[in-house]
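Asks: Would you mind keeping the following structure in view while I ask a few things?
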Amino acid sequence: MSVHKEVKIITTHILNEMKFHGEKIAMLTAYDYSMARLVDAAGIDIILVGDSASNVMAGFETTLPITLDNMIYHGASVVRAVHRALVVVDLPFGTYQGNSKEALNSSIRIMKETGAHAVKLEGGSEVKESIIRILSAGIPVMGHLGLTPQSIHKFGTYVVRAKQEEEARRLKEDAKLLEELGCFAMVIEKVPAKLAEEVAQMVKIPVIGIGAGGGVDGQVLVLHDMLGINQEFSPRFLRRYHNLAAEIDGAVKAYISDVRSHDFPNEKEQY
Ligand code: KIV
């Protein structure tokens, strides 16, 4: 039996079943209606409306500037397109860290105004109170450990995290804590594959990796990176499934040429 093939919609419980049966979970980001529709129809399990929208949609250097209103706009656009996947929306920087009441209010806004199924936030013990409060309102929470891009100014770089024993030990403690608090899953970003595998074996909830090797329960990539729309970003962990930048360049150049040469529109393309 294959759990994900049997079901019409993906829920947090189905994801748990998938882990239990050793079925890998496939997750991608999406930020708009048209892309989300294609990604959902192709059979993805989880769509993450990531705060990476700050980079790939808005062109900011980091994920810090994107606002809660921006994330709600992207989240609602994605939800309108999706029939099967579980939709998770990132809580943006500054909307959950210092104040658990604000974390709950931000999450309620996301759930009410987008129709998404869950929220994701970055961090472990330092955001414990926020996680407890969000969960107490019945809102499913996905954690995010390892490289947490909202803390880029603390780390200084986007290099691999938790290579040293002390940081690896803290990451494991945080993973255990996220499970104990009741998170339904967690993302682990850019840590050694061996450590990520140990975490996935240690907890019962699904661990979704990005740059964390194949020993975890599922994988996530940023859609624009894996489609080759964004050519500037090429970390070792990224597999490009398409070269959409070249395809778009070719199509736009052909259009410009057809317009300039009076080839477009032709007789059949007018009224
Ligand atoms: O914002 C995002 O796209 C993410 C993924 C990289 C996991 O958090």
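The values are calculated or read from the model by the stated rules, or taken from the named source; none is laboratory data. Just so you know, these numbers come straight off a predicted model, no measurement behind them. Cβ sites come from the backbone with ideal geometry, for glycine too, and all protein chains shown count toward neighbours.
Asks: Could you list, in sequence order, all residues of region 77-111 that are among the charged types (D, E, K, R) and in contact (Cβ under 8 Å) with a residue 40 or more places away in the chain? Give the derivation first.
Replies: The initial filter retains those residues of region 77-111 that are among the charged types (D, E, K, R), namely 80, 84, 90, 101-102, 109.
ARG80, ARG84, ASP90, ARG109 - these are the residues of region 77-111 that are among the charged types (D, E, K, R) and in contact (Cβ under 8 Å) with a residue 40 or more places away in the chain.
Asks: Also, quick follow-up: Please find, within region 197-223, the residue that is farthest from LEU145 (Cα to Cα) out of those that are over 14 Å from the mean Cα position of the chain (by Cα) and within 13 Å of the ligand (Cβ to nearest atom).
Replies: Only one residue fits best here, namely VAL216.
Asks: Moving on to the next point. Determine whether region 86-94 contains at least one residue that is more than 16 Å from SER130 (Cβ to Cβ) and in a loop (DSSP other than H, G, I, E, B).
Replies: No.
Asks: Just to check your reading of the model, which residue among HIS83, HIS74 is of a type outside the set (A, V, I, L, M) and either within 25 Å of GLY211 (Cα to Cα) or within 14 Å of the ligand (Cβ to nearest atom) (or both)?
Replies: Details: HIS83 fails: either within 25 Å of GLY211 (Cα to Cα) or within 14 Å of the ligand (Cβ to nearest atom) (or both).
Of HIS83, HIS74, the one residue that is of a type outside the set (A, V, I, L, M) and either within 25 Å of GLY211 (Cα to Cα) or within 14 Å of the ligand (Cβ to nearest atom) (or both) is HIS74.
Asks: Go through (1) in contact with an Asp or Glu (Cβ under 6 Å, 6 or more places away or on another chain); (2) of a type in the set (A, V, I, L, M); (3) in a helix (DSSP H, G or I) one by one and return the number of the condition ILE10 breaks.
Replies: For ILE10, the failing item is (3).
Asks: Looking at (1) part of a helix (DSSP H, G or I); (2) in contact (Cβ under 8 Å) with a residue 40 or more places away in the chain; (3) β-branched (Val, Ile, Thr), can you tell me which one THR62 breaks?
Replies: THR62 satisfies every listed condition except (1).
Asks: Something else: Evaluate the following for LEU195: is it part of a helix (DSSP H, G or I) and touching a residue at least 24 places away in the same chain (Cβ under 8 Å)?
Replies: On the way: part of a helix (DSSP H, G or I): yes; touching a residue at least 24 places away in the same chain (Cβ under 8 Å): yes.
Criteria met by LEU195.
Asks: For TYR31, are the conditions met, namely being aromatic (Phe, Trp, Tyr), assigned by TED's automatic domain parsing to the domain that holds THR157 and within 10 Å of the ligand (Cβ to nearest atom)?
Replies: Details: aromatic (Phe, Trp, Tyr): yes; assigned by TED's automatic domain parsing to the domain that holds THR157: yes; within 10 Å of the ligand (Cβ to nearest atom): yes.
Here the answer is yes, as TYR31 does meet what is asked.
Asks: Then there is this: Mind telling me which of the residues GLY43, GLY59 ends up being out of contact with any Lys or Arg (no Cβ under 8 Å at 6 or more places or on another chain) and at positive phi?
Replies: GLY59
Asks: Here's something else I'd like to know. Return the pairs, sorted by first residue and then second, in which the second residue is among the basic types (Lys, Arg) and near the ligand (Cβ under 10 Å from one of its atoms), the first residue lies in region 209-224 and is modelled with pLDDT of 95 or more, the beta carbons are less than 8 Å apart, and the residues are 6+ apart or on different chains.
Replies: ILE210/LYS190; GLY211/LYS190; ALA212/LYS190
Asks: Sort out which residues of region 130-164 are basic (Lys, Arg), farther than 15 Å from TYR96 by Cβ and buried (at least 16 other Cβ atoms within 10 Å of the Cβ), and write them in order of number.
Replies: We begin by selecting, within region 130-164, every residue basic (Lys, Arg); these are 133, 154, 161, 163.
Keeping just the survivors that are farther than 15 Å from TYR96 by Cβ gives 154, 161, 163.
Matches in region 130-164: ARG161 only.
Asks: Something else now. Between residues in region 136-158 that are farther than 15 Å from VAL88 by Cβ and residues that are among the acidic types (Asp, Glu) and in a helix (DSSP H, G or I), which pairs lie under 8 Å by C-beta distance while being six or more apart or on different chains?
Replies: Close Cβ pairs (under 8 Å, with a partner that is among the acidic types (Asp, Glu) and in a helix (DSSP H, G or I)) amount to LEU145/ASP174.
Asks: Out of the residues in region 51-84 that are touching a helix residue (DSSP H, G or I) at 6+ places or on another chain (Cβ under 8 Å) and acidic (Asp, Glu), state the one that is surrounded by the most Cβ atoms within 10 Å (Cβ to Cβ).
Replies: Result: ASP51.
Asks: Against the condition within 16 Å of the ligand (Cβ to nearest atom), of a type in the set (A, V, I, L, M, F, W, C), on the phi < 0 side of the Ramachandran plot and touching a strand residue (DSSP E or B) at 6+ places or on another chain (Cβ under 8 Å), how does ILE10 come out, does it pass? Don't jump to the end; show me each part of the working.
Replies: Working: within 16 Å of the ligand (Cβ to nearest atom): no; of a type in the set (A, V, I, L, M, F, W, C): yes; on the phi < 0 side of the Ramachandran plot: yes; touching a strand residue (DSSP E or B) at 6+ places or on another chain (Cβ under 8 Å): yes.
Against the criterion (within 16 Å of the ligand (Cβ to nearest atom), of a type in the set (A, V, I, L, M, F, W, C), on the phi < 0 side of the Ramachandran plot and touching a strand residue (DSSP E or B) at 6+ places or on another chain (Cβ under 8 Å)), ILE10 does not qualify.
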